[in-house]
Amino acid sequence: MNASITHKLNLRNLRIDDYADLQAIMQRVYRTVDSPWEKSQVEAMIARFPEGQICIEDKGRAVAVALTMMIDYAGYVGRHTYLQVVGDGTLANHEPEGDYLYGIEIIVDPEYQGMRLGRRLYDARKELCEKLNLRGIIVGGRIPGYRKFKEEIQPQEYINRVKRKEIYDPVLSFQLSNDFHVKRLLKNYYPSDHQSEGNAVLLEWNNIYYEARTRLIGGRKTVVRLGTVQWQMRRFASFDDFQQQVEFFVDTVSDYGTDLVLFPELFNAPLIAQYENESPPEAMRRLGEYTEVLREELMRLALAYNINIVSGSVPEYRDHKLYNVSFLCRRDGTWDAQYKLHITPDEDRAWGLTGGEVLKTFDTDIGRIGILICYDIEFPELARLLVERGANILLVPFWTDTKNAYLRVRLCAQARAIENECYVVISGSVGNIPKVETMGIQYSQSAIFTPSDFAFPHDAIAAETTPNTETTLITDVDLDLLKELRRQGSVQNMKSRRRDLYRLKWTGK
């Protein structure tokens, strides 16, 4: 390498190990406004929208950073404040199915002023906007030069003079030179920005390559049709017989145009009757022998019937450990898995189950979803983490034997829907498997729960089945209602959290 080279610039996505560099830059740049972002906030931004957090490094050190989120344009075209956009600083208002990018920050180390790194970051945002096929980018631009003119002219006149190039503003002039155009003045946008007297300019850049998205191929739906199967536990003579019953229900719910169907927890348990002479731990491990072939069969059904299938859950035995795993089989031919994290005392005693270690969100053609298997829904931290990562629908396959056990799942699921402003789907099994130890009775009433506000059913229940009867449940949920609730609901649980008093952080893998 030539020793005379003083810089080696590289454009890439921001990583959490860049935080020390980011903090140093912000402390130098924003001496006149509030303190920099906290590490936990930056970590949440990267988790929610990693491709939107961009940096330029020089020889491995981050020297310029752009922070970005996706939004629904209709919610931000009018008057709003910076705090209404960033919320608690974790991108809680990020809309994975939004139509615009919203620029939160662009900051450049003062040592690198004049190297046009800001323009590179703006170009990277534009490229991202085009890649995601979004309509455009909007920003709330500061006008730090206005303070010198505040006694002479109003903010509107200052903006017009900058547009006419009669006045140079270090921020607004730069944004206008990057093909942004003025939409409106935002008063009290950032009150602690004394240089701008709290004002900002709403600026927009239009993506001329935007193509309206079709709902037929690759489009995201706003109204989603969800289905559950309230599964009858019964003896099956063979795996083929079991598979025929599964296909019957997939066929049935797909006939109604259902986008996703949820089966119950351990819904292949009837096959354990083949091992009724084995001890419960050994029988459950033997049942795990069907797991791979069952997943392959569910993938075939997802493709054949054009429906996303969540397998409920099935046992998986590998590396001398027994897990409880739920498979998401997408109708595009891909699949993923979520392991049950919390094991009940009885599951530990009877089968020796081991809990998983990873909590996932899954992108699908109906939006981002999460899966919590039975007992996991009773731990509110998990649902909150999933929603913070962008999940709008939580799927809960469960297996309970008595009504009080069922009510633990039901009431916790309903609480999760209300406190996280999301939809929660629960699906369980009914009936019994005689002469099979640990497989006695079942109690279930499958349901789809909603938040509790005027736009939703008065009892916060979109639909529910008749208890303890084998059946299906199919209903529509509107994802746009969740967006409206989070912006202007009677109460706004996610937005109202006191992040200054408490935090929630995933410390696992």
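The values are calculated or read from the model by the stated rules, or taken from the named source; none is laboratory data. Please read all numbers here as calculations on a predicted model, not as lab measurements. Every residue, glycine as well, gets a Cβ built from its backbone with ideal geometry; the counts of neighbours run over all protein chains shown.
Against the test of being in a loop (DSSP other than H, G, I, E, B) and not assigned by TED's automatic domain parsing to the domain that holds residue 138, the options 258, 252 yield a single qualifying residue, 258. Selection of the range 471-484 for residues being surrounded by 18 or more Cβ atoms within 10 Å (Cβ to Cβ) and within 19 Å of residue 233 (Cα to Cα) yields 472, 473.
Within the range 126-139, can you find the residues that are crowded, with 21+ Cβ neighbours inside 10 Å and either in a helix (DSSP H, G or I) or of a type outside the set (A, V, I, L, M, F, W, C) (or both)?
129
Listed by first and then second residue, the pairs linking a residue in the range 348-376 that is under 18 Å from residue 317 (Cβ atoms) to a residue that is among the aromatic types (Phe, Trp, Tyr) and part of a loop (DSSP other than H, G, I, E, B), with Cβ atoms under 9 Å apart and 6 or more places separating them unless they lie on different chains, are 373/398. The one condition from (1) in contact with a Ser or Thr (Cβ under 8 Å, 6 or more places away or on another chain); (2) part of a loop (DSSP other than H, G, I, E, B) that residue 455 does not meet is (1). Only one of the listed residues (54, 107) is at pLDDT 85 or above and closer than 23 Å to residue 208 by Cα. That residue is 54.
Within the range 63-84, the set of residues being under 21 Å from residue 29 (Cα atoms) and at pLDDT below 90 comprises 83 only. Here residue 384 clears all of (1) at pLDDT 95 or above; (2) in a strand (DSSP E or B); (3) surrounded by fewer than 20 Cβ atoms within 10 Å (Cβ to Cβ) except the condition numbered (2).
Would you mind stating whether residue 365 is farther than 22 Å from residue 225 by Cα, surrounded by fewer than 22 Cβ atoms within 10 Å (Cβ to Cβ), touching a strand residue (DSSP E or B) at 6+ places or on another chain (Cβ under 9 Å) and at pLDDT below 95? For residue 365, the condition - farther than 22 Å from residue 225 by Cα, surrounded by fewer than 22 Cβ atoms within 10 Å (Cβ to Cβ), touching a strand residue (DSSP E or B) at 6+ places or on another chain (Cβ under 9 Å) and at pLDDT below 95 - is not met.
Within the range 419-454, the residues that satisfy the criterion of being hydrophobic (A, V, I, L, M, F, W, C) and surrounded by fewer than 19 Cβ atoms within 10 Å (Cβ to Cβ) are 441, 454.
In the set 112, 100, 82, only one residue is touching a Phe, Trp or Tyr at 6+ places or on another chain (Cβ under 6 Å), surrounded by fewer than 21 Cβ atoms within 10 Å (Cβ to Cβ) and assigned by TED's automatic domain parsing to the domain that holds residue 59; that residue is 82.
Please work out if residue 90 is crowded, with 22+ Cβ neighbours inside 10 Å, assigned to a loop (DSSP other than H, G, I, E, B) and either at pLDDT 90 or above or not acidic (Asp, Glu) (or both). Steps first, please.
Values: crowded, with 22+ Cβ neighbours inside 10 Å: yes; assigned to a loop (DSSP other than H, G, I, E, B): yes; either at pLDDT 90 or above or not acidic (Asp, Glu) (or both): yes.
It is true that residue 90 is crowded, with 22+ Cβ neighbours inside 10 Å, assigned to a loop (DSSP other than H, G, I, E, B) and either at pLDDT 90 or above or not acidic (Asp, Glu) (or both).
Selection of first residues in the range 468-479 that are farther than 17 Å from residue 255 by Cβ and of second residues that are in a strand (DSSP E or B) and among the hydroxyl-bearing types (Ser, Thr, Tyr), restricted to Cβ pairs under 9 Å at least 6 apart or on distinct chains, gives the following pairs, ordered by first then second residue: 470/429; 477/423; 479/423. Residues in the range 233-278 that are of a type in the set (Gly, Ala, Ser), in contact (Cβ under 8 Å) with a residue 24 or more places away in the chain and over 18 Å from residue 468 (Cα atoms): 254, 257, 273.
Residue by residue, here is whether (1) buried (at least 19 other Cβ atoms within 10 Å of the Cβ); (2) hydroxyl-bearing (Ser, Thr, Tyr); (3) at pLDDT below 95; (4) not assigned by TED's automatic domain parsing to the domain that holds residue 255 holds:
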{"position": "290", "(1), (2), (3), (4)": "yes, yes, yes, no"}
{"position": "296", "(1), (2), (3), (4)": "no, no, no, no"}
{"position": "320", "(1), (2), (3), (4)": "no, no, yes, no"}
{"position": "328", "(1), (2), (3), (4)": "yes, no, no, no"}
{"position": "331", "(1), (2), (3), (4)": "yes, no, yes, no"}
{"position": "335", "(1), (2), (3), (4)": "no, no, no, no"}
{"position": "342", "(1), (2), (3), (4)": "no, no, no, no"}
{"position": "350", "(1), (2), (3), (4)": "no, no, yes, no"}
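Among the criteria (1) within 30 Å of residue 305 (Cα to Cα); (2) at pLDDT 95 or above; (3) aromatic (Phe, Trp, Tyr), the one residue 158 does not fulfil is (1). Scanning the range 403-449 for residues that are among the acidic types (Asp, Glu) and part of a loop (DSSP other than H, G, I, E, B) turns up 421, 437.
The C-beta contact set for the range 480-504 (first residue at pLDDT 90 or above, second residue among the hydroxyl-bearing types (Ser, Thr, Tyr), distance under 8 angstrom, 6+ apart or interchain) comprises 482/423.
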